[in-house]
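Beneath this line is the structure, given in structure tokens, with notes to follow.
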Amino acid sequence: MKTKLTLATMALALLSFAPNLNAACTNATMHGDWGFTGTGVIILPSGPVPVGAAGTVRFDMDGNLSGGQDRSVGGGEAHETITGTYSINSDCALTISANVNDDAGNLQRTTVLKGVVVSNGKETRMIYQAITLPDGTPSPAVLTLDANKI
């Protein structure tokens, strides 16, 4: 009886730590297809302009990504393709560097996003850290992006 009580006490003690345990993130966490939405504002010389986008992206196991999006900038809509790279830390911090091209393959901008993977690897929360135009000009913006594993 005493052995059973001791084992039960130890089991309860170990289980009390379980909510605080988190699996480490790896490329396998991101691997697969994700759907995303992004919203915010781009700061142009003429003033702030609203931006929205929705699309899908595929992450491979080697740190590469590809996909597409439909976006609206100030009401003007376009389809764009996305290629790039990503890195993920064991604490689930995520960095994406993406080239965004129009349908003809012309580079529109390079974007760096920083964020975190949450919900046991099923969702991300990100901000745009930098947007650079093809001529090297930075484009100030306040944008967020949320993604869910499909």
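The values are calculated or read from the model by the stated rules, or taken from the named source; none is laboratory data. Since we're looking at a predicted model, the values are computed, not measured. Here the Cβ is made from the backbone with ideal geometry for all residues, glycine too, and neighbour counts use every protein chain on show. In case anyone asks, the SASA skips ligands and DNA or RNA and just uses the protein heavy atoms, side chains included. Shrake-Rupley method; radii C 1.70, N 1.55, O 1.52, S 1.80 Å.
The table below gives the values:
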read-out: Matching residues in the stretch 110-122 - criterion: being surrounded by 15 or more Cβ atoms within 10 Å (Cβ to Cβ) and under 9 Å from the mean Cα position of the chain (by Cα); value: Leu113, Gly115, Val116, Val117
read-out: Yes/no for Ala28 being of a type in the set (A, V, I, L, M), open to solvent by 50 Å² or more (accessible area, probe 1.4 Å) and touching a residue at least 12 places away in the same chain (Cβ under 8 Å); value: yes
read-out: Hits in the stretch 112-126 (condition: more than 13 Å from Met30 (Cβ to Cβ) and in contact with a Phe, Trp or Tyr (Cβ under 8 Å, 6 or more places away or on another chain)); value: Val112
read-out: Filter pass, Asn148 being in contact (Cβ under 8 Å) with a residue 40 or more places away in the chain, closer than 26 Å to Asn27 by Cα and not in a loop (DSSP other than H, G, I, E, B); value: yes
read-out: Within the stretch 94-120, tally of residues that are out of contact with any Cys (no Cβ under 7 Å at 6 or more places or on another chain) and touching a residue at least 60 places away in the same chain (Cβ under 8 Å); value: 2
read-out: Test result for Thr29, closer than 28 Å to Asn120 by Cα, touching a Gly at 6+ places or on another chain (Cβ under 6 Å), at pLDDT 95 or above and not in a strand (DSSP E or B); value: yes
read-out: Among the candidates Leu145, Leu133, Leu107, residue that is aliphatic (A, V, I, L, M) and open to solvent by less than 50 Å² (accessible area, probe 1.4 Å); value: Leu145
read-out: Single residue of Ile127, Ile96 found to be within 10 Å of the chain's Cα centre (by Cα), at negative phi, modelled with pLDDT of 95 or more and open to solvent by less than 60 Å² (accessible area, probe 1.4 Å); value: Ile96
read-out: Conditions (1) exposed (fewer than 15 other Cβ atoms within 10 Å of the Cβ); (2) modelled with pLDDT of 95 or more; (3) within 20 Å of Arg109 (Cα to Cα): number failed by Arg71; value: (1)
read-out: When residues of the stretch 31-68 are limited to those that are of a type in the set (Gly, Ala, Ser) and loosely packed, with under 13 Cβ neighbours inside 10 Å, the one nearest to the chain's Cα centre (by Cα); value: Gly47
read-out: Answer residue from the stretch 79-93, given it is open to solvent by less than 30 Å² (accessible area, probe 1.4 Å) and in a strand (DSSP E or B) and is nearest to Gly35 (Cα to Cα) among those; value: Ile82
read-out: Flag for Ile131 being in contact with a helix residue (DSSP H, G or I) (Cβ under 8 Å, 6 or more places away or on another chain) and of a type outside the set (Ser, Thr, Tyr); value: no
